[in-house]
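The values are calculated or read from the model by the stated rules, or taken from the named source; none is laboratory data. Quick caveat, the model's predicted, so the values are computed rather than measured. Methodologically, a virtual Cβ is constructed for each residue, glycine included, from the backbone with ideal geometry; neighbour enumeration extends over all protein chains shown.
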C-alpha cells in the first residue's frame, strides 16, 4: 500500500496542479450572443457545454451584431457564433458574389488579420429572406415580383428590423440589386421576433425573416425566391479570439462538436420549440446537447 508522507503528499499536489490546472481554477471564457431566438439557443448550448467541459463560462447574449463584433475585436468577448455572409458584407465590405465555400475562405482569411479565428462551419445557412402569407398576393413569388409591384404602384407594407434597414446586405443593397425603392411610408421597423406574428395576423404584407426560423412553416408563410442571388451564404460558424484559442486549443473540438450537428432542419426544429411551442431556451439547449450525446 502506498503510504503518503507530508513530502509525497506535497509532491502529488504539485504534480496534479501542473498536469490538471482546471482542478485548481476553471478557465474563464466570455461568451457572447445576438438578440434573436436562434442565437439565444446556440449561445446557451455553448454555455452549458463549456461548463460541462470544465470551463468557467460567462454568457452575455441579446447583443446587436455590430456591438458584439466590436466587443470581440476589443477582447471583451472570447467566443460567439457568427454568419459568414454577415462578416463578408457587413464587416469586410466585400461586394463580390461568392459561393458558400469561397465566402467562408474569404472571411476566415480577412478576420484572421483581426485576431479572430473561424472554426468549422455548420451546414446551416440562416440567410435573410422575405416572406408573405401563403394566401393573397398570389402573383408575388420572387423578390423580382416584389420589386415590380413597387415599381407598378402596388406597394405591400414591408417590415424588417432597424439594423436591416441600414446594412449593405439589407434594404439598401436589396433596393439597388432589384431596382426598386421602398419609401418610409411603406415599411415598418420592428424587432425581428415580432415580424412573424405581424405577418400571421395580417398587420404587414411582407416581412424580413430568417431561413431557419421554425415559424415559417408553423404560420404557413411562403418565402420569396431570391432570384437575383442577392443574399450571400450565411453559414453559422463558431468564432474565437485567436489569442484565446492558442491558449486553450481544446476549445476548437468542443465548439466544432456543436457545429457538426447543425443544419437548417435542426435549427428550424430548435427555433420552433421556443417560438411556437414556448419551451424555454435553457431546456431546448439541454435537450439538443443530450440528444446528440454532447453532455
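Scanning the stretch 50-89 for residues that are on the phi > 0 side of the Ramachandran plot and in a strand (DSSP E or B) turns up just one, 62. Per the conditions (1) surrounded by fewer than 17 Cβ atoms within 10 Å (Cβ to Cβ); (2) under 15 Å from the mean Cα position of the chain (by Cα), the sole criterion not satisfied by residue 122 is (1). Would it be correct to say that residue 276 is under 23 Å from residue 116 (Cβ atoms) and not assigned by TED's automatic domain parsing to the domain that holds residue 218? For residue 276, the condition - under 23 Å from residue 116 (Cβ atoms) and not assigned by TED's automatic domain parsing to the domain that holds residue 218 - is not met.
Take residue 286 and tell me if it is within 30 Å of residue 136 (Cα to Cα) and assigned to a helix (DSSP H, G or I). Here the answer is no, as residue 286 does not meet what is asked. For the stretch 202-221, filtering for residues that are surrounded by 15 or more Cβ atoms within 10 Å (Cβ to Cβ) and not in a strand (DSSP E or B) leaves 11. Here residue 207 meets the list (1) out of contact with any strand residue (DSSP E or B) (no Cβ under 6 Å at 6 or more places or on another chain); (2) at pLDDT 95 or above; (3) not assigned by TED's automatic domain parsing to the domain that holds residue 50 almost entirely, failing just condition (1).
I'd like to check something: does the stretch 97-112 contain any residue that is surrounded by fewer than 21 Cβ atoms within 10 Å (Cβ to Cβ), more than 15 Å from residue 235 (Cβ to Cβ), in contact (Cβ under 8 Å) with a residue 40 or more places away in the chain and touching a helix residue (DSSP H, G or I) at 6+ places or on another chain (Cβ under 9 Å)? For the stretch 97-112, residues surrounded by fewer than 21 Cβ atoms within 10 Å (Cβ to Cβ), more than 15 Å from residue 235 (Cβ to Cβ), in contact (Cβ under 8 Å) with a residue 40 or more places away in the chain and touching a helix residue (DSSP H, G or I) at 6+ places or on another chain (Cβ under 9 Å): present.
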